[in-house]
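Novice: Submitted below is the structure of interest, expressed as structure tokens.
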């Protein structure tokens, strides 16, 4: 019967941790002696690389102490380059330098350009010694078509293109205590995706089309004199977003973008603000009627826009200006202010 296990494997399987360390040290020294007998660089085959990656990846960072056939940086590059799988060499000449290949793929992925535009970008940067056929081969090896990508786009790219003038809006409801018992009050929020500024409507018990249009008019009035006016309003398919709502925005040159059903993540920033105002403000109060609710909504919106720090704004408020940097501040130069009826505090520099 043929041997199933190599004697070395049987030895390792029965060894203690201390013995394994000694075995490894011996094998390392033996490997150094053998490597010293082989002059120059050792070129590995694709199948050999796959074997080295398979066993090297399993031992993690310990590979840095063991590997000798190539440098540690080369081994990690094999991992980055698709687990060591090497693309087939294109016909018709030698491969271009790795930097050129990476640049061609970067242009294709970033822009969606086709063959001609990619060659044009290379020429514009002074890279002349690369033919259209070579660029075509590089794209084919990466599984990309050499024609322009005119159909696909990503939600991230859409948001990036329009972020300065793109606003999201959504409704939320709040329970209030009235003379007629507990009532559900509705609020409409508009949020700028770039600055994170929030504009909150007054509340209503009856969110009909007339109220939605009125709240939209108030939002348009508040933003009409800005250098970057709202251009697109995205919203879900709530039935409260009526055709009158769309018509009012269109009347002021603002487009609407109705989001697919069951996709709250597409308007996640607006949803996050609603969570913030509920958890940090409304949940802390027993709310008595519309007037009390509107006061809290307005007060928190002012605090949120002008005072509250925001990680996505480099810890500045949505409507705040970047302060002059200092190493420290004397205590007598710091002012503590209260907001939303003393619910939250903020620390600010004393005005000069």
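Novice: For region 33-70 and region 274-350, what is the separation of their Cα centres, given in Å?
Specialist: One Cα centre to the other: 58 Å.
Novice: Highest mean first, how do 243-255, 188-200, 26-38 rank when packing is the count of other Cβ atoms within 10 Å averaged over residues? Walk me through the intermediate numbers first.
Specialist: Values: 243-255: 14.9, 188-200: 22.3, 26-38: 10.1.
Order by mean packing, descending: 188-200, 243-255, 26-38.
Novice: For 327, 332, 81, what's the fewest-to-most ordering of other Cβ within 10 Å of each Cβ? List each step's numbers first, then the result.
Specialist: Working: 327 4, 332 7, 81 13.
Ordered by Cβ neighbours within 10 Å, fewest first: 327, 332, 81.
Novice: Take residue 37 and residue 280, extend 7 Å from each Cα along the Cα→Cβ direction, and tell me the distance between the two endpoints in nm.
Specialist: According to this spin-label approximation, the distance is 7.0 nm.
Novice: Pulled fully out, how much extra length does the chain show between residue 288 and residue 338, if you take 0.36 nm times their separation in residues and subtract their Cα-Cα distance?
Specialist: Values: separation 50, 0.36 × 50 = 18.00 nm, distance 2.18 nm.
Contour length minus Cα-Cα distance gives 15.8 nm.
Novice: Starting from the eigenvalues of the Cα gyration tensor, five times each then square-rooted, give me the equivalent ellipsoid semi-axes of region 256-346, largest first, whole Å. Intermediate results must be reported in sequence, preceding the final value.
Specialist: Numbers: eigenvalues 166, 91, 19 Å².
Taking √(5λ) for each eigenvalue gives 29, 21, 10 Å, largest first.
Novice: Please state, to two decimals, what the Cα-based radius of gyration of region 161-313 comes to when divided by 2.2 N^0.38 Å (N = residues).
Specialist: My calculation over the Cα atoms of region 161-313 gives 1.02.
Novice: Rounded, prolate or oblate, given the Cα gyration tensor of region 41-86, with a/c below 1.5 counting as rounded? List each step's numbers first, then the result.
Specialist: Details: a/c = 1.55, a/b = 1.21, b/c = 1.29.
Cα axes put region 41-86 in the oblate bin.
Novice: I need 328, 242 ordered by Cβ neighbour count within 10 Å, fewest first.
Specialist: On the way: 328 5, 242 15.
Final ranking by Cβ density, sparse to dense: 328, 242.
Novice: Oh, and also: For region 93-152, compute Rh as the Kirkwood radius over C-alpha pairs and then the Stokes-Einstein diffusion coefficient at 10 °C and 1.306 mPa s; write the answer in µm²/s, rounded to an integer.
Specialist: The calculation lands on 139 µm²/s.
Novice: Would you please put 138-144, 100-106 in order of how densely packed they are, using the mean number of other Cβ atoms within 10 angstrom per residue and starting with the highest? Provide the component values of the computation, followed by the final result.
Specialist: On the way: 138-144: 15.3, 100-106: 17.1.
By packing density, highest mean first, the sequence is 100-106, 138-144.
Where a number appears in this text, it was derived from the coordinates with a stated rule and is not lab data. Just so you know, these numbers come straight off a predicted model, no measurement behind them. Because the Cβ atoms are built from the backbone with ideal geometry, glycine has one as well, and the counts that use them run over all protein chains shown.
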